[in-house]
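**Student:** I'd like to ask you about the structure that follows.
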Amino acid sequence: MPVLPDQITLEIVTPERLLFSGAVDEVSVPGVEGYLGILPGHAPLLSELKIGEVMYRQEDTRTYLFCSWGFLEVLPDRVSVLAEIAERAEDIDVTRAQAARERAEKRLKSKDPETDFQRARTALERALARLQVASKASPRGLAAGEG
Amino acid sequence: MANLRDVRRRIRSVRNIQKTTRAMKFVSASKLKRAQDRVVAARPYANRMLAVLNSLISRVENRDHALLQRRGSGQILLVIITGDKGLCGAFNSNIIKAATVFLNQKAGAELSLAAVGRKGYDFFKRRPYEIRAQYINIMGKLAYEEAKRIADFLIQQYSALALDEVYIVYNEFKSVIQQRVTVERLLPIGEIEGLREQVAPRLDYIYEQEPQTIFSHLLPRHVDVQVYRAMLESAASEHGARMTAMDAATTNAKDMIERLTLNMNRIRQASITKEIIEIVSGANALAGK
């Protein structure tokens, strides 16, 4: 029986750029059927991703990212997360997400038959996920500011 | 013979133009660098996507997805990617020329256009083609979202049977001084090309969903990526073309300044010589008395 590797190579790619590439100990992604945790030595897997939170762990540091639609490919030697939108927790614009959330909530409450509820719901989901991920931003950014 | 003052004025104005073209050249050079970086940065996503599509396509039995179906060529839409600005050599006119040739070839079909970039729109709005969509001033800061918006529109029109085929014409970036006008079919999606040989070790994935479902969700994204790539290529080409054109303009201005300076000196010398002759002959006339 082959020995399981200690770490996996993770790539997080968006259409615009390569967001992260490196060795990690654990990855968790929002699969359409629910969150998936990937550890080194996982069998090849393909899944679509929905709006949610991507987390990867390097030893004891966990890094969180927001991701909108995308897909996950697990290969024997690496894991690729291809996300249409992905943002690091530190990079999320909280005020904008909050505004988007209020807007979406107002639209969902309105009685106007013209409202595109599906779209409003997606927008709300997206805003909530952004806010949730942003709240987990590592304090690294702040520490650097103080230094 | 031209007036000395006129020539001086002319030299000054050419020098000002030269300053502008030189500045534009440097601006384009730095924009080109950024545009090239973006083309490179967009590659990993596009490549992985193709690889996944390739491995899925062999696994999916039911391939009659709407975006793959061929249903003749009665209604054709051409997406024309040009720049928003001129001063970039033949960049825009090459595209317009290629688009015109294409439209003439397909003259039998019901033709319509989607213009990305002001130059193409300005040209074709005066022509008898229906422009179904125009996207002006998006080439500057080129976000994936914009490409997606365009692709979504195309897919929606295509799915609503308002279109049978969609083509795209754009400048492919070959090198700083070379662009290649390319016409490609976007819809229906033909061969999903590239990387086929790299997928050789076929993997037996665990599928979280039906391969069919993933496949049908991926296809529209493939179109997004194609549009995005074409836009990136075009943006890089535009900056390259502008840089070359402005470099040539700067050199030409330099030549012109040299010629005009020479001319100016001749005029100056001629007038000095004339004055000396006048003085000398005047003195001679006085001495003769």
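**Student:** When only residues in segment A:25-50 that are away from chain B (no Cβ under 14 Å) and hydrophobic (A, V, I, L, M, F, W, C) count, which is farthest from A:Ser68 (Cα to Cα)?
**Tutor:** Among them, the one singled out is A:Leu39.
**Student:** Same structure again: Which residue, of B:Ile214, B:Ile276, is farther than 23 Å from B:Arg15 by Cα, in contact (Cβ under 8 Å) with a residue 24 or more places away in the chain and not small (Gly, Ala, Ser)?
**Tutor:** Exactly one of B:Ile214, B:Ile276 is farther than 23 Å from B:Arg15 by Cα, in contact (Cβ under 8 Å) with a residue 24 or more places away in the chain and not small (Gly, Ala, Ser), namely B:Ile214.
**Student:** Looking for whichever is within 14 Å of chain A (Cβ to nearest Cβ) and modelled with pLDDT of 90 or more here; the options are B:Ile155, B:Ile168, B:Ile150. Which one fits?
**Tutor:** Just one listed residue meets the conditions, B:Ile150.
**Student:** For A:Ala43, all conditions in the list (1) part of a helix (DSSP H, G or I); (2) free of Cβ contacts under 8 Å to residues at least 40 places away in the same chain hold save one; what is the number of the exception?
**Tutor:** Condition not satisfied by A:Ala43: (1).
**Student:** So, one more: Name the one entry in A:Leu82, A:Leu39, A:Leu46, A:Leu75 that is open to solvent by 60 Å² or more (accessible area, probe 1.4 Å) and of a type in the set (A, V, I, L, M, F, W, C).
**Tutor:** Result of the check over A:Leu82, A:Leu39, A:Leu46, A:Leu75: A:Leu39.
**Student:** Would you tally the residues in segment A:54-71 being in contact with a strand residue (DSSP E or B) (Cβ under 6 Å, 6 or more places away or on another chain) and farther than 15 Å from B:Ile206 by Cβ?
**Tutor:** Within segment A:54-71, residues that are in contact with a strand residue (DSSP E or B) (Cβ under 6 Å, 6 or more places away or on another chain) and farther than 15 Å from B:Ile206 by Cβ number 12.
**Student:** Since B:Asp64 meets every condition but one in (1) surrounded by fewer than 17 Cβ atoms within 10 Å (Cβ to Cβ); (2) outside any loop (DSSP other than H, G, I, E, B); (3) away from every other protein chain (no Cβ under 14 Å), which condition does it not meet?
**Tutor:** (2)
**Student:** Mind checking which residues of segment A:18-36 are under 30 Å from B:Ala35 (Cβ atoms) and open to solvent by 40 Å² or more (accessible area, probe 1.4 Å)?
**Tutor:** A:Leu18, A:Ser21
**Student:** Being open to solvent by 50 Å² or more (accessible area, probe 1.4 Å) and in contact (Cβ under 8 Å) with a residue 40 or more places away in the chain narrows it down to one residue among B:Asn284, B:Asn263, B:Asn252; which is it?
**Tutor:** Only one candidate passes the filter, namely B:Asn263.
**Student:** Kindly indicate the residue of segment B:15-38 that is buried (at least 17 other Cβ atoms within 10 Å of the Cβ) and aliphatic (A, V, I, L, M) and also nearest to B:Met256 (Cα to Cα) among those meeting that condition.
**Tutor:** That would be B:Met24.
**Student:** Which one of these is in contact (Cβ under 8 Å) with a residue 12 or more places away in the chain and either closer than 24 Å to B:Ser73 by Cα or over 19 Å from the mean Cα position of the chain (by Cα) (or both): B:Ile177, B:Ile168, B:Ile136?
**Tutor:** Matching residue, one of B:Ile177, B:Ile168, B:Ile136: B:Ile168.
**Student:** So A:Pro15 fits all but one of (1) part of a strand (DSSP E or B); (2) at pLDDT 90 or above; (3) surrounded by 20 or more Cβ atoms within 10 Å (Cβ to Cβ); (4) within 14 Å of chain B (Cβ to nearest Cβ); what number is the exception?
**Tutor:** Unmet for A:Pro15, out of (1) part of a strand (DSSP E or B); (2) at pLDDT 90 or above; (3) surrounded by 20 or more Cβ atoms within 10 Å (Cβ to Cβ); (4) within 14 Å of chain B (Cβ to nearest Cβ): (1).
The values are calculated or read from the model by the stated rules, or taken from the named source; none is laboratory data. The structure displayed is predicted, hence computed values, not measured ones. Cβ coordinates were reconstructed from backbone atoms using ideal geometry, including for glycine residues, and neighbour counts include every protein chain displayed. With ligands, DNA and RNA removed, areas are computed over all heavy atoms of the protein, side chains included. Shrake-Rupley method; radii C 1.70, N 1.55, O 1.52, S 1.80 Å.
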